[in-house]
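Accompanying notes for the structure given below.
FYI, it's all coordinate maths here, none of it is from the lab. Remember, predicted model here, so these are calculated numbers, not experimental data. Cβ placement follows ideal geometry from the backbone for every residue including glycine, while neighbour counts extend to all protein chains displayed.
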């Protein structure tokens, strides 16, 4: 094999490996998300809203506590996105300790 053919083969192999790893990683993430959903780990939008109102915070204040954007907070409360359980736990701990 010439050097250019060998280099092309190695590049193609790298691309295939990279794409395969990306697919494997997305499958693992999907399985983990489904597992968390089944366990009820994610807070519900109603739970997020109720707790924020209970502690008397605006969406801006609540988002700032965990270093997220107001838009993120709005998405969690409107069920556009799921709030990561770690962020939910962090928020509750930080609010309760202040």
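What to note about this one:
- The base-10 log of I(q)/I(0) for region 45-96, evaluated at q = 0.15, 0.22, 0.24, 0.31 Å⁻¹, reads -0.31, -0.72, -0.88, -1.60 [Debye formula, identical scatterers on Cα atoms, solvent excluded].
- A simple spin-label model places the labels of residue 44 and residue 69 2.8 nm from each other, with each point 7 Å out along Cα-to-Cβ.
- Projected label points at residue 58 and residue 92, each 7 Å from Cα along the beta carbon direction, are separated by 2.6 nanometres.
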